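Note sheet for the following structure.
The values are calculated or read from the model by the stated rules, or taken from the named source; none is laboratory data. Computed from a predicted model, the values in this text were never measured in an experiment. Cβ placement follows ideal geometry from the backbone for every residue including glycine, while neighbour counts extend to all protein chains displayed.
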Amino acid sequence: MHHTYRGACHCGRVTFELQAKLDYVMDCNCSVCRRGGALWHGTADQYLRILSGEEDLVLYQFHTRTAKHYFCKHCGIRPFSRPRLDPGKWVVNVRCIDEVDLAALPVRKFDGANWEIAAKALYAQRA
C-alpha cells in the first residue's frame, strides 16, 4: 500500500510529494552518493510531484552524464535524481522526508563505485 510523504531540501524552498511503499532504501557508494550521504528510494514519474522550488534546482552531471542529480541552489541538498540505472525514473533521497524512521528500513547496498559490475548484477536479478 502506498503512503503519501512530503519532503523538502534543508532550506525548504524545494518541496515534493512522494507516493510510495517505503519498504527499503538504497545506499549507493558512488563518488557523489558516498559524499552526500543520500539514501534512495526509486519511483516512477507519476509518484513524485515537485510542489515548490523547481526554479531553485540546479543540475549536476559527471562521468557518463547519464544520471541527472538535482540540488537546491540555496542549501545544496539533493532531494532527488534521475539515476543512471534507469534515467526515465526517479530516486528520492529519503533523508529529505522527516516523517520516515530510517532505522526501521532495510538498507540495500549498491556498489556504485563499481557501477558496471553492480548494474549487471542488479539487471540479472530483475530478469
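Per-structure values
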quantity: Which numbered condition residue 118 misses (of (1) out of contact with any Phe, Trp or Tyr (no Cβ under 9 Å at 6 or more places or on another chain); (2) in a helix (DSSP H, G or I); (3) not β-branched (Val, Ile, Thr)); calculated: (1)
quantity: Single unsatisfied condition, residue 18 versus (1) crowded, with 19+ Cβ neighbours inside 10 Å; (2) modelled with pLDDT under 95; calculated: (2)
quantity: Where a residue in the range 105-118 is in contact (Cβ under 8 Å) with a residue 24 or more places away in the chain and its partner, wherever it lies, is of a type outside the set (Ser, Thr, Tyr) and loosely packed, with under 13 Cβ neighbours inside 10 Å, with Cβ under 8 Å and at least six apart; calculated: 105/23; 106/23; 111/117
quantity: The range 34-60: number of residues that are surrounded by 12 or more Cβ atoms within 10 Å (Cβ to Cβ) and either at positive phi or hydroxyl-bearing (Ser, Thr, Tyr) (or both); calculated: 5
quantity: Members of the range 51-71 found to be aromatic (Phe, Trp, Tyr) and touching a Lys or Arg at 6+ places or on another chain (Cβ under 9 Å), listed by number; calculated: 60, 70, 71
quantity: Any hit, the range 64-74, residues being surrounded by fewer than 11 Cβ atoms within 10 Å (Cβ to Cβ) and within 24 Å of residue 9 (Cα to Cα); calculated: yes
quantity: Residues within the range 72-92 that are touching a Lys or Arg at 6+ places or on another chain (Cβ under 7 Å) and in contact (Cβ under 8 Å) with a residue 60 or more places away in the chain, tallied; calculated: 2
quantity: Subset of the range 64-86 that is farther than 11 Å from residue 40 by Cβ and hydrophobic (A, V, I, L, M, F, W, C) - its residue that is modelled with the lowest pLDDT; calculated: 67
quantity: Lone qualifier among 12, 7 - being out of contact with any Lys or Arg (no Cβ under 8 Å at 6 or more places or on another chain) and surrounded by fewer than 19 Cβ atoms within 10 Å (Cβ to Cβ); calculated: 12
quantity: Candidate set: the range 87-127, residues that are of a type in the set (Asp, Glu) and exposed (fewer than 14 other Cβ atoms within 10 Å of the Cβ); chosen: the one modelled with the lowest pLDDT; calculated: 116
